[in-house]
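Asker: Before we start, here is the structure in question, set down as structure tokens.
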Amino acid sequence: MFSNLKEQPADKILALMQLFKDDPRPTKIDLGVGVYKNAEGVTPVMRAVKAAEKQLWEQETTKSYVALAGDPDFADAMIGLVLGDAVARDTVSAAATPGGTGACRQAFEMVKMANPDVRVFVSNPTWPNHLSILKYLGIPTVEYRYFDAESRGVDFEGMLADLADVKPGDVVLLHGCCHNPTGANLNLTQWQAVVDVLLKTGGVPMIDIAYQGFGDGLEEDAAATRLVASSVPECLIAASCSKNFGVYRERTGILMAVAQDKGLKGLTQGTLNYLNRQNYSFPPDHGARLVTMILNDPALRKEWADELEAVRLSMLGLRQQLADELQRLSGSDRFGFLSQHRGMFSRLGTTPDMVERLRAEHGIYMVGDSRLNIAGLNAQTVPILAKAIVDTGI
Ligand code: LMR
């Protein structure tokens, strides 16, 4: 039977991780997978997470099952973090999921259950795993223009023009902040225009928010999600705690369904519970519990928010340093976009050949579409990267 299996395509980001591991060069630089690293190249356990883990170790008396949707306190804490008071709590159903990927997967399954003919509009480009999961589930996708290769900003006119083709019952996948892979983002005026298109077309937004706190700040990064959720009749939000709490391997995420018609809440919550049961039954609890403890304890919350803010500012500093160094070495402003982009990633906007040359000749690893993880840099490696970029003729 097993011989009937077909080879599956390797995930490009994860394949790159392995390639980096296998590279013996001591000077190699990893700008691939989206994991935060400090100046020493370490992905630390955040201070508040360590403190919460210690408390949990002392206080937890059972590892028995919690609930199909996870602990309701986790849902309340995360709804508060992401949505603030933008929507009434009783309009939101939610289920804990294994990471943000789990939330995306459940969201796509849910929209297919609601509309077997659903099409999902995706930005060109988007996180490759969005496309992979959608393909796996047999859900057709339609690309909307997003990245302007010339300016390395958003092709906003193209985006609006393409979203005008959305039909009622289609889903529009949006990145709440810190667009992955480009780092190019909409401003709030542009988000309002997207809301207007959604209201006009009847498209249902699905927001993937995996980097809250990595862009302009915790509140600022949630502003677009809150605007959309409070303006449209229905929306889905897939949130990840992997990056902003640094709990990658704990698989901590949540899917929220906002329905302004409160009569639908029983149905949406029941569907989320059902999907969890079918796919993995009870969602992982450990990371979700730590997040809940941190968000609900003022001292831990402050400790966490302060550390997250320091991470955000260090990435902004690296962005500026890289843009300045490239300006100095190339004598041109063409890399200025690096300081405008937000979040962990920027798309350099060069060819796969050039990306391959950076890897082969300089030991610099970035994803083939020229996405680089800013958090993989430090003050010493920024000049090395800048020189390699200019020497390669990018
Ligand atoms: C990334 O985009 O690198 C991260 O979201 C990690 C992943 O799972 O791909």
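Nothing in this text is a laboratory measurement; each read-out follows from the coordinates by a stated rule. Remember, predicted model here, so these are calculated numbers, not experimental data. For neighbour counting, all protein chains shown are included, and Cβ atoms are generated from backbone atoms with ideal geometry for every residue, glycine included.
Asker: Give me a comma-separated list of calculated 3J(HN,Hα) values for the stretch 8-14, in order, Karplus coefficients 6.51, -1.76, 1.60 applied at θ = phi - 60°, integers in Hz, x for any Gly or Pro.
Answerer: Whole-Hz 3J(HN,Hα) from phi for the stretch 8-14: 9, x, 6, 6, 5, 5, 6.
Asker: If you don't mind, there's one more thing I want to ask. Can I get the semi-axes of the stretch 125-232's equivalent ellipsoid? Compute them from the C-alpha gyration tensor as square roots of 5 times the eigenvalues, in angstrom, largest first.
Answerer: On the way: eigenvalues 76, 58, 45 Å².
For the stretch 125-232, the ellipsoid semi-axes come out as 19, 17, 15 Å.
Asker: Would you tally the net charge around Tyr65, using a Cβ to Cβ cut-off of less than 15 Å, leaving Tyr65 out, and scoring K and R as +1, D and E as -1?
Answerer: Spelling it out: positives minus negatives among the neighbours equals 0.
Asker: Here's another thing I want to ask about it. For the stretch 65-296, what does the relative contact order come out to in percent, with C-alpha contacts under 8 Å and a separation of six or more? Provide the component values of the computation, followed by the final result.
Answerer: Working: 443 pairs, mean separation 74.5, N = 232.
Computed value for the stretch 65-296: 32 percent relative contact order.
Asker: Neighbour counts of other C-beta atoms within 10 Å: give me Ser346, Ser339 arranged from fewest to most.
Answerer: Arranged by neighbour count, lowest to highest, Ser346, Ser339 become Ser339, Ser346.
Asker: What is the distance in Å between the Cα centroid of the stretch 31-88 and that of the stretch 127-161?
Answerer: Computed from Cα coordinates, the inter-centre distance equals 30 Å.
Asker: What is the gain in length, in nm to one decimal, between Leu137 and Leu267 on full extension, counting 0.36 nm per residue of separation less the C-alpha to C-alpha distance? Mind dumping the intermediate values first?
Answerer: Working: separation 130, 0.36 × 130 = 46.80 nm, distance 2.20 nm.
Gain in length upon complete extension: 44.6 nm.
Asker: Once the principal axes of the Cα atoms of the stretch 28-170 are found, what is the range along each, listed largest first in whole angstroms?
Answerer: Principal extents (largest minus smallest coordinate, Cα): 55, 46, 33 Å.
Asker: I would also like to ask the following. Cut-off is 10 Å between beta-carbons; in what order do Ser123, Ser281 appear when sorted fewest neighbours first?
Answerer: Ser281, Ser123
Asker: Could you check the spin-label model distance between Asn378 and Leu329? Points 7 Å from the Cα along Cα→Cβ, value in nm.
Answerer: 1.9 nm
Asker: For the cross-link pairs Lys12/Lys37; Lys6/Lys37; Lys6/Lys28; Lys112/Lys167, which exceed 24 Å when the distance is taken from alpha carbon to alpha carbon?
Answerer: Lys6/Lys37; Lys6/Lys28
Asker: Note down the net charge around Asp221, summing +1 for each Lys or Arg and -1 for each Asp or Glu among other residues with Cβ under 14 Å from its Cβ.
Answerer: -1
Asker: When Val87, Val111 are ordered from fewest to most other Cβ atoms inside 10 Å of their Cβ, what list results?
Answerer: Least crowded to most crowded, the residues run Val87, Val111.
Asker: Here's a follow-up. Once you list every other residue whose beta carbon is under 14 Å from the beta carbon of Ala75, what net charge do they have if Lys and Arg are +1 and Asp and Glu are -1?
Answerer: Every neighbour counted, the sum reads -2.
Asker: Evaluate the relative contact order of the chain (contact order divided by residue number), counting alpha-carbon pairs under 8 angstrom at least 6 apart; express in whole percent.
Answerer: Answer for the chain is 26 percent.
Asker: Cα convex hull of the chain: how many Å³ per residue?
Answerer: With only Cα atoms used, the chain gives 155 Å³ per residue.
Asker: Output wanted: per-residue J couplings in Hz (rounded whole) for the stretch 213-230, from phi through Karplus 6.51 cos²θ - 1.76 cosθ + 1.60, θ = phi - 60°, x for Gly and Pro.
Answerer: Once rounded to whole Hz, the list reads x, 9, x, 10, x, 4, 6, 4, 6, 8, 4, 5, 4, 5, 4, 5, 4, 8.
Asker: Sum -39500 (n - 2.57) across every DSSP H segment of at least 4 residues in the chain, then divide by the residue count to get the 222 nm mean residue ellipticity, nearest 500.
Answerer: -14500 deg cm²/dmol
Asker: Continuing with the same structure: Let me make sure I get this right: for the stretch 188-312, a, b and c are the square roots of the gyration tensor eigenvalues over alpha carbons, sorted descending. Under 1.5 in a/c it's rounded, otherwise prolate if a/b > b/c, else oblate. Which is it?
Answerer: Cα axes put the stretch 188-312 in the oblate bin.
Asker: Another one. Which three lengths, in whole Å and largest first, does the stretch 65-296 cover when its Cα atoms are put on their principal axes?
Answerer: So the extents along the principal axes, rounded to whole Å, are 50, 36, 33.
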